[in-house]
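Structure first, then comments.
The values are calculated or read from the model by the stated rules, or taken from the named source; none is laboratory data. This is a predicted model, so every value here is computed, not measured. FYI the Cβ positions are ideal-geometry reconstructions off the backbone, even for glycines, and counts take in every protein chain you see. Side chains are part of the model used for accessible areas, which takes the heavy atoms of the whole protein and leaves out ligands, DNA and RNA. Shrake-Rupley method; radii C 1.70, N 1.55, O 1.52, S 1.80 Å.
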Amino acid sequence: LLEGDHTAFHGDLLGEVVIDVEFAARQASVIGHGLDAEMARLLIHGTLHLLGYDHQREEDARAMEAAEDRLWPVVVA
C-alpha cells in the first residue's frame, strides 16, 4: 500500500488485514458455517485489532466480542 505509482493517494492507513483463505475454509467447516461468513467474521476481527481492540484479558475479550456482535449485521447486510 505504500509502494508503487499511487502511493500519494493512500491517505491515513491503519494497517492491513490478511486472511488465509485455506485456514478460513477449514475453520468455517469446523464451526459449521460458510466460507463467506467466516471471511466476514475474520475481517471484522482483524479490523478491530487495527482499531486497538485485543483479547488478551477477559475484560478486553468481552469488549471485542461485543464490538464484533455490533458490526456483524452491518457487514453481512
*asked:* Can you pull out every residue in region 38-60 that is open to solvent by less than 40 Å² (accessible area, probe 1.4 Å) and in contact with a helix residue (DSSP H, G or I) (Cβ under 7 Å, 6 or more places away or on another chain)?
replied: GLU38, ALA40, LEU42, ILE44, LEU48
_Every residue in region 11-25 that is over 13 Å from the mean Cα position of the chain (by Cα) and over 24 Å from PRO73 (Cβ atoms), please._
GLY11, ASP12, LEU13, GLU22, PHE23
*Considering each of ALA28, ALA8, ALA63 in turn, give the residue that is more than 12 Å from the chain's Cα centre (by Cα), loosely packed, with under 12 Cβ neighbours inside 10 Å and of a type in the set (A, V, I, L, M, F, W, C).*
ALA8
